[in-house]
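What follows is a short report on a single structure.
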Amino acid sequence: MGVDVQLKGVMKRYPNGIEAVRGVDLTFPKGQVAVVLGPSGAGKSTLLRMVNGLETATSGTIQVGDLVVHSNNHRAVRKTVGMVFQQFNLVPRLSVMANVLCGRLAHRSWVTSIFFTFPESDFALAREALKQVGLEDRAWDRLEKLSGGQQQRVAIARVLVQQAKVILADEPVASLDPETSIEVLKLLVSSARSREATLILNLHQVDLAMQFADRIVGIRKGQVLFDGKPSDWTDTTYAQVYQ
Ligand SMILES: Nc1ncnc2c1ncn2[C@@H]1O[C@H](COP(=O)(O)OP(=O)(O)OP(=O)(O)O)[C@@H](O)[C@H]1O
Ligand SMILES: [Mg+2]
């Protein structure tokens, strides 16, 4: 069950004076698969990180369903918004299962976080998610024994058990080979679609964006230069966004 993500007049100025995002208005309807494209430094990561509260907007508002994202409601936001990173952000020395269970922490008490004891229902969710990403037989391997593509699938299983209504992915395939990239993206997109989660992806590869997106948002220097269907993206658009 997805929710809408709404950004209104969003600006981000870092303490060093850099204006990474300069007035962005965007609404991502629930269940949409949107890809954000743009050159290095355009503000793509900053934009995503503000949606789950990893960065705070300097001005403007960000709303995820009914929830307005603030610097003091991280926990509520983490229940709704899941994130997949380029460098996986997993714990190498823990088992695959333990890494996936981390996706349940936002739903559990501090006691669970400290003693890392989860109810059987959480293990059941984790086994189901591992099955969905094709890694059920690797549950008790140490994460570091898995390949990059497999590790990213573990990260996908983690957002699945989080039961996130919104999934953010910041260049989730940037460190994978082309073939694995396509496999992982297929899995990410189908996982999001199977639960009507809203998916917002930052990508560097325009061809992959064309293949997987319902909608493309092209940004440059912190501003939206293109917002439309993949079929409306032309060579001219490419030049405008990446010039
Ligand atoms: N924590 C930070 N402190 C100061 N400036 C930052 C910080 N993070 C990013 N920036 C600056 O903000 C701008 C936008 O960066 P951002 O990482 O959002 O771009 P990006 O589009 O994700 O780039 P890339 O494609 O290289 O990942 C850049 O000029 C960057 O140097
Ligand atoms: Mg980035």
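Count charges around GLU136 for me, please; just the other residues with Cβ under 14 Å from its Cβ, Lys/Arg as +1, Asp/Glu as -1.
Once all neighbours under 14 Å are counted, the net charge is +1.
Whole-Hz Karplus ³J(HN,Hα) for region 221-235, in order, using 6.51 cos²θ - 1.76 cosθ + 1.60 and θ = phi - 60°, x for Gly and Pro?
6, x, 10, 7, 9, 9, 8, x, 7, x, 5, 8, 7, 10, 4
Among HIS70, VAL35, GLY2, whose Cα projects farthest towards the positive end of the dipole of the chain, with charges put on the beta-carbon of Lys, Arg (+1) and Asp, Glu (-1)?
Sorting the options by dipole projection puts first HIS70.
Per the helix-only calculation at 222 nm, which mean residue ellipticity applies to the chain, given -39500 (n - 2.57) for every DSSP H run of n ≥ 4 and division by its residues, nearest 500 deg cm²/dmol?
-10000 deg cm²/dmol
Taking only C-alpha pairs under 8 Å that are 6+ residues apart, what is the relative contact order of region 92-243 in percent?
Value for region 92-243: 19 percent.
Round to the nearest 0.05 the FRET efficiency obtained for ASP227 and ARG75 when R0 = 25 Å and r is the Cβ-Cβ distance.
After rounding, the FRET efficiency stands at 0.20.
Where a number appears in this text, it was derived from the coordinates with a stated rule and is not lab data. As the structure is a computational prediction, the values presented were derived from the model and not from experiment. We place every Cβ from the backbone using ideal geometry, glycine too, and count neighbours over all the protein chains shown.
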